[in-house]
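Below you'll find the structure, written out as structure tokens, and then a few comments.
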Amino acid sequence: MASVKKLEGKIAIVTGASRGIGKAIALAYASEGAQTVLTARKLESLESVAAEIKAAGGREPMLFELDVKVAAKTQQLVDAVLDKHQRVDILVNNAGVTKDGLFVRMSEADWDEVLDTNLKGTFLCMRAASKVMMKQRYGKIVNIASVIGLIGNGGQANYAASKAGIIALTKSVAKELGSRNVLVNAIAPGFIETDMTHVLGDEAKNSILKSIPAGRFGKPSDIAKAAVYLASDESDFVTGQVITVDGGMVM
């Protein structure tokens, strides 16, 4: 007897889905039966992800070019999904950038770029999708925060502020939308093996590993598993929470 897929028939939007954590979540959702809608700033960057989903037997994803900082584009995304699928069941806000630098030397432009993409972008996508979800009286929103939003990090004041903002935004919106059965949660990844960690030197990596009780960096699939849980019926009484997936680094 075939196992029942956890997201069968659900319509799921995943922003920043071209690589890393976003790609892993898109693949996991598709494997669990969801109809995925994938966004990135460049449409061509999503083509290989779409091919991977189809090769694995998933439904052909809808691809959408999106700059999450632009309110009109986030509304166009939701409108396009409604036109094609009549529903929006799941939204994953994963699109994000880093512009690291020491606080005293940080340019206003680097501050704005990170806050506008990571925090404002999450707000805009949530606002557009939540109106639909409230009418449906059903929705799951999963925001990708970071352990850096919980503990801070030297050289990442803008990134830390954006991710801490996502956590506070998650909790506030969860309180507003809970009565409409729209559940809002966040995942705070620890150090995950992605393009962002590949640039670290061996000394930095070894230093970080010592702070992780599990003794390894996470994989994008570790985050995807938590994202499947938060999007599935298994989390129907969970809202306003931050699930830290970090191998025990932050306790």
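A short reminder: the numbers here are calculations on the coordinates, not readings from a lab. As the structure is a computational prediction, the values presented were derived from the model and not from experiment. When we count neighbours, we look across all protein chains shown, and the Cβ atoms used for this are built from the backbone with ideal geometry, even at glycine.
A compact table of results
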item: Label-point separation, Ser207 to Arg180 (7 Å along Cα→Cβ), nm; result: 4.6 nm
item: Whole-Å distance, taken between Cα centres, linking the range 61-113 and the range 213-251; result: 22 Å
item: Computed lengthening from Val4 to Phe103, 0.36 nm per intervening residue step minus Cα-Cα distance; result: 30.7 nm
item: Relative contact order (percent, whole number), the chain, Cα cutoff 8 Å, 6+ residue spacing; result: 19 percent
item: Calculated [θ] (222 nm, deg cm²/dmol) that DSSP helices of n ≥ 4 give over the chain, each run adding -39,500 (n - 2.57); result: -13000 deg cm²/dmol
item: Cα Rg, Dmax, the chain, angstrom units; result: 17.4, 61
item: Net length gained if the chain between Ala71 and Phe237 were fully extended (0.36 nm per residue, minus Cα distance); result: 56.7 nm
item: Cα gyration tensor, the range 12-72 - rounded (a/c under 1.5), prolate or oblate; result: prolate
item: Qualifying lysines (Cα of each under 20 Å from Cα of Lys210; at least 8 residues distant if same chain); result: Lys219
item: Of Lys73/Lys131; Lys6/Lys73; Lys99/Lys140; Lys73/Lys205, pairs whose Cα-Cα distance is over 27 Å; result: Lys6/Lys73; Lys99/Lys140; Lys73/Lys205
item: Choice from Ile141, Ile212, Ile151 showing the highest fluctuation, given a GNM over the chain with Cα pairs closer than 10 Å; result: Ile151
